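What follows is a short report on a single structure.
Laboratory data are not the source of any read-out in this text; all were calculated from the coordinates shown. Small disclaimer: the values here were computed from a predicted structure and weren't measured. Quick reminder, even Gly has a Cβ in these numbers, built from the backbone with ideal geometry, and neighbours come from all protein chains shown.
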């Protein structure tokens, strides 16, 4: 009777654990790459090893606690050493570990093989967004959180992909090997998409490598995994994997748009056009620190609205945006924004929120005087 | 207030004290100065324990602020800046202010009593070690009201977030950590000197209770790694205030160097917080199983192996930082190896229970919960050691679940087991058994409700250290927050039990627990201010 009870309980426990292990949103996702599948199976193997050891160890423990209760008149025996037993329980775990290390080593080796990639993408972490650059293709853009501040503050209903949605996802070709080169402009970030089983730190001053070959088209969401300051929770990663032909078409279209933008550098821009463009750039790039109303959050992030020192010295303003301020959180934007964007955002900052200097900084000025070297 | 003071020397020991060469000079100062100037190991032990308890509640309040914000998605109570300060301060206070001083306090009280020594070897140093701590933590807590706020870069304070991008208060944080580090090093020196020099005649190293052994090994770890911490925070100080670039890539420095240095300190540090816990459990389980510890020698060797291995596993905290393949493999293998001596310990505890005569007094309840729940933390540790899988686990709530399992039902439960075990010796009274049982069961339920769902949240993809999260993590966080509040509230019960026990309760004899064998049970309960002024007659157990 007692035996049957034990078997039934064990059966339920096993079914429960298996159910949990396969339930959506309770366990590590299997993912959509060969590597993610291998990692998932390693995870499940080591998990079941732990379960089995746990059942044996805790079983022995609770048996002893139940069987040798003093209240039931148990008398203590006095053995306290047994060399054979001690050797056995040292050697058996060692063998289990060796058995575990073999497949783990194989998987790790394939994760580190970044050779023969079809496409190189540079991933740059910035407080608090990701920048993607398709190397050799002249296509680059930043990817910002698309969830509204109202949703975060509870003033609007939260959407299905709350905090996991961006304005522009990283588009990758399914079925092709993509090498990811990761770095950072400021602090350490970590680029992570669970379905791709890629998590790699983006370290300032260093370039890390990883790779991914996505087997199924789809949208895969992740987040920055390394604490990177105030908005660490608000820099998601979204990868859109598409059929290779669609990817080629998309890339060609982006290249064309980039070429168009480059043409805009040489023409004269009106103040209104610069302001309109600048407001968009400011909203995605600058507002997270300097606030949408330019009030900043001193002492770390100075106010821009009514900042007389800045407004008096136009060149210092441009220098700050182009070259950054070393030793502070202000990054250099010379390589992450194009001349049109730099000119537009400086113009915007010099005219918004009552700053009203009337200055229109032309893209050509930026390109010729500040970026030519 | 008066009732919190240790009891006056009992009659039989007064004569012994008068007989001592410097008996007159050792009469305790009166009033508050008594506590400032005391060189008595028992009083300093009490100071450490009271300090640790205060820090435990302060750090706990910070954790509850975090859990309150994470109760549901969205930002409700605090802004991300303050949230980051709370996670950081919670970690720093709990590690350096609560757990470490608690173990030092237990060592102060119990090491001399367990080895038959009259006091610590260096009593004045002992006083200094303690009084550095209130200074250090006053400075650390004061950063909360400084401009720019308290440290907000996590208790691991990775550069350059903690240097170039840090709030101005970081310099004060560095200073306070320096003070706490000096305190730890001096405390460790004192413990080593005491154990090596002041053992009762006839007590060989392999006769020492395991709590003494584990503390001896821990003290060596402290001396080895606290200077590394001091070095790395000094480099931060120079980067912040003197224009150097140790960790600043723009100046030719290396942010990853910071992590290597930090974790070379940090990994032995986590064993500093668990080895004395092993020791406590290894003395409590035999007492309440009324049977000698199984495999005493292998326990000592396992502890030493864990300590040695702890120096060659640090980069398993850095599997996704961009290490070369060979380094990944090396650190994966060494980390997996730690499971072997740790397993030996668990097997030994369970075999000690086997064919014992077991009773379930409060210290035993906590010790048994330690064995089960620490082992669960050990399992997730084994999973984390698998480097490829760690690419998914790293920096998620799975890691948070892991280290809270080894630190809360691990280290903290062991400390509580130790407190319940030795309270009769300290106060002369048994802790109230009913209340202690309530405290135990509420803590066990609370701790599992808090930390078990974190495994699922982490596997499902929730990163750690975020003030707001995607909707699929909402249910796990709700349960975790409720569990956290239950656990936090049940600790008030612990306070009640301790205070009641100090004030009165069922009187305890010298040997307060039937199966207790070590030397501390040969002195009266409560232990008089001065004990073992003449060395005890120590009889090693027959092998």
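Observations on the structure shown:
- Helix axis angle, A:339-351 relative to chain A longest principal axis, alpha carbon, degrees: 80 degrees
- All-pairs alpha carbon distance profile, chain A, 10 Å steps from 0, percent: 4, 18, 23, 20, 13, 9, 7, 4, 2, 0
- Part-to-part distance (alpha-carbon centres) for the range B:153-180 and the range A:128-165, which is given in Å: 30 Å
- Zero-based 10 Å bins, Cα pair distances in the protein assembly as shown, whole percents: 2, 11, 20, 23, 18, 12, 7, 4, 2, 0, 0
- Each of residue A:276 and residue B:196 was given a label point 7 Å from its Cα along the Cα-to-Cβ line. The distance between the two points is 7.9 nm.
- Residue order, fewest to most surrounding Cβ atoms within 10 angstrom, among B:191, B:93: B:93, B:191
- For the range B:32-522, the gyration tensor built on C-alpha atoms gives a rounded shape. Its axis ratio a/c (a ≥ b ≥ c) stays under 1.5.
- Value of Rg to Rh for the range B:29-179 (Rh from inverse mean 1/r over Cα pairs, i.e. Kirkwood): 1.07
- Taking the centroid of alpha carbons for each part, the range A:297-373 and the range A:28-69 are 56 Å apart.
- Gyration tensor (Cα) of the range A:105-193, equivalent ellipsoid semi-axes in angstrom: 29, 16, 14
- FRET efficiency for the residue A:52 to residue B:79 pair, using the beta carbon distance and R₀ = 41 Å, is estimated at 0.35.
- Inter-chain Cβ neighbour count for B:324-332, averaged per residue, equals 3 (cutoff 10 Å, partner chain atoms only).
- Computed E for residue B:241/residue A:161 - FRET, C-beta separation, R0 45 angstrom, nearest 0.05: 0.55
- For the range B:42-100: rounded, prolate or oblate by the Cα gyration tensor [a/c cutoff 1.5]: prolate
- Nearest-ten-degree value, helix A:83-111 long axis tilted from longest Cα axis of chain A: 30 degrees
- Taking the fewest neighbouring Cβ atoms within 10 Å as the starting point, the ordered list for B:511, B:199 is B:511, B:199.
- The range A:237-321: C-alpha gyration tensor shape, a/c 1.5 cut-off, then a/b vs b/c: oblate
- Inter-label distance for residue A:37 and residue A:102, nm, one decimal - labels placed 7 Å from Cα along Cα-to-Cβ: 2.1 nm
- Theoretical FRET efficiency, 1/(1+(r/R0)^6), r = Cβ-Cβ of residue B:539 and residue A:82, R0 30 Å, to 0.05: 0.80
- For a modelled paramagnetic label at residue B:204, 7 Å from Cα along Cα-to-Cβ, the residues of the range B:277-305 in reach, with backbone nitrogen under 18 Å, are B:293, B:295-302.
- The range B:86-152 and the range B:354-410: distance between their alpha carbon centers, rounded to Å: 25 Å
- Zone of residue B:171's modelled label, taken as backbone nitrogen in the range B:243-260 under 19 Å from a point 7 Å along Cα→Cβ: B:243-248
- Relative to the longest principal axis of the Cα atoms of chain B, the long axis of helix B:325-337 lies at roughly 30 degrees.
- Among B:96-106, B:497-507, the peptide with the highest mean count of other Cβ atoms within 10 Å heads the list, and the full ranking is B:96-106, B:497-507.
- The packing ranking of peptides B:324-333, B:387-396, B:400-409, highest mean first, is B:387-396, B:400-409, B:324-333, where packing means the average number of other beta carbon atoms within 10 angstrom of each residue.
- Counts of other chain beta carbons within 10 angstrom of each beta carbon in peptide A:44-50 average 4.
- Peptide-level mean, for A:296-302, of C-beta atoms on other protein chains within 10 Å: 2
- In this simple spin-label model, placing a label point 7 Å from the Cα along the Cα-to-Cβ direction at both residue B:326 and residue A:75 gives a separation of 6.2 nm.
- Long-range Cα-Cα pairs in the range A:119-261 (distance over 23 Å), rounded percent: 33 percent
- Each residue in B:416, B:206, A:44, A:61 was given a count of other beta-carbon atoms within 10 angstrom of its own, and listing them fewest first yields B:206, A:44, A:61, B:416.
- For the peptides A:47-54, B:290-297, A:362-369, the ranking by mean Cβ contacts within 10 Å, running from highest to lowest, is B:290-297, A:362-369, A:47-54.
- Where a label projected 7 Å from the Cα of residue B:234 along Cα→Cβ would reach, residues of the range B:160-195 with amide N under 13 Å: B:178-179, B:182
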